[in-house]
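The values are calculated or read from the model by the stated rules, or taken from the named source; none is laboratory data. These numbers were taken from a predicted model, which means no experiment stands behind them. Positions of Cβ are generated from backbone atoms using ideal geometry, with glycine treated the same way; all protein chains shown enter the neighbour counts.
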Amino acid sequence: MRHWISIVVLSWVFLACSDQTKEEKADLPRPKGYNRIILPKATYQEVEKGHPFTFEVSKYAQVLPDTVSWAEPHWLYIYYPQWHAFIQLTYKPLNKDRKKLANLINDAYTLASKHQGKARGIQEYVMTTRSGRKAGIIELDGEVATSFQFYTTDSVKHYLRGAVYVKTATQNDSLAPVIQFLKKDAMHLIQTLQWKP
């Protein structure tokens with residue numbers, strides 16, 4: 001009998017503690033969540049001909065000419081329509097002009113430094129590609145317009161600068177999977193870039 005009374009008392013205590021009305025349940029805060037972003041498998045194809053360079057680009061991207069009024073030949077947008085994102089590429093011929101090369105590299109760092117006000121951190125490093133070419137990489141953390149920038153050159157004839165942009169007002173932490181996907185594509189572009197003679 002004691003055992004039976006203990007079970008009834010414990011059941012009553014349990015029900016009394018867990019008894020909430022629907023209004024009380026509705027007022028509880030919900031955990032923060034983000035939209036689910038499904039990323040495709042990375043597959044690549046060679047960029048269209050007609051440029052002084054070639055590289056591989058994602059099959060999910062469209063290669064478009066840059067249409068701003070000051071755009072120069074071989075300036076491109078690698079546009080990802082599913083995310084309204086793009087990698088902007090600006091190409092400059094060097095013609096063995098070392099001063100021009102130094103100015104272009106300085107410009108790359110100046111453009112990146114314009115994001116210092118919003119960036120939580122900026123990491124700069126030089127990488128060596130599989131073919132032995134050097135590339136400057138600038139990664140920015142925080143709510144910045146471009147979280148990944150790069151430049152690469154053969155130091156004699158060619159210079160190419162790129163920047164990853166996502167055109168949305170959403171916070172970058174909720175776009176982290178997309179930004180990582182775009183960074184991987186940009187790194188693949190750098191690794192597969194070949195200059196034409």
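Computed values, structure above
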{"read-out": "Residue within segment 46-69 that is surrounded by fewer than 13 Cβ atoms within 10 Å (Cβ to Cβ), modelled with pLDDT of 90 or more, at negative phi and touching a helix residue (DSSP H, G or I) at 6+ places or on another chain (Cβ under 9 Å) present", "value": "yes"}
{"read-out": "Pair list, Cβ under 7 Å, 6 or more apart: segment 125-136 residue more than 8 Å from L193 (Cβ to Cβ), other residue part of a loop (DSSP other than H, G, I, E, B)", "value": "A135/T129"}
{"read-out": "Odd one out for I105 among (1) assigned to a strand (DSSP E or B); (2) among the β-branched types (V, I, T); (3) surrounded by 14 or more Cβ atoms within 10 Å (Cβ to Cβ)", "value": "(1)"}
{"read-out": "Matching residues in segment 104-149 - criterion: being farther than 23 Å from F86 by Cβ, modelled with pLDDT of 85 or more and not β-branched (V, I, T)", "value": "N106, Y125, R130, S131, G132, R133, K134"}
{"read-out": "Residue that is out of contact with any Ser or Thr (no Cβ under 6 Å at 6 or more places or on another chain), surrounded by fewer than 14 Cβ atoms within 10 Å (Cβ to Cβ) and among the hydroxyl-bearing types (S, T, Y), where the choices are T192, T168", "value": "T168"}
{"read-out": "Search result, residues across segment 144-178 that are part of a loop (DSSP other than H, G, I, E, B) and closer than 21 Å to N95 by Cα", "value": "D154, S155, V156, K157"}
{"read-out": "E139 vs. criteria of a type in the set (D, E) and either more than 21 Å from L39 (Cβ to Cβ) or in a helix (DSSP H, G or I) (or both)", "value": "no"}
{"read-out": "Residue match in segment 16-33 (condition: hydrophobic (A, V, I, L, M, F, W, C), modelled with pLDDT under 95 and either under 26 Å from D154 (Cα atoms) or in a loop (DSSP other than H, G, I, E, B) (or both))", "value": "yes"}
{"read-out": "Residues located in segment 74-102, provided they are farther than 30 Å from P40 by Cβ, assigned to a loop (DSSP other than H, G, I, E, B) and out of contact with any strand residue (DSSP E or B) (no Cβ under 8 Å at 6 or more places or on another chain)", "value": "N95, K96, D97"}
{"read-out": "Residues located in segment 49-71, provided they are over 23 Å from the mean Cα position of the chain (by Cα) and not hydrophobic (A, V, I, L, M, F, W, C)", "value": "K49, G50, H51, P52, S69"}
{"read-out": "Unmet criterion (only one of (1) of a type outside the set (V, I, T); (2) closer than 27 Å to P93 by Cβ; (3) in contact (Cβ under 8 Å) with a residue 60 or more places away in the chain) for F181", "value": "(2)"}
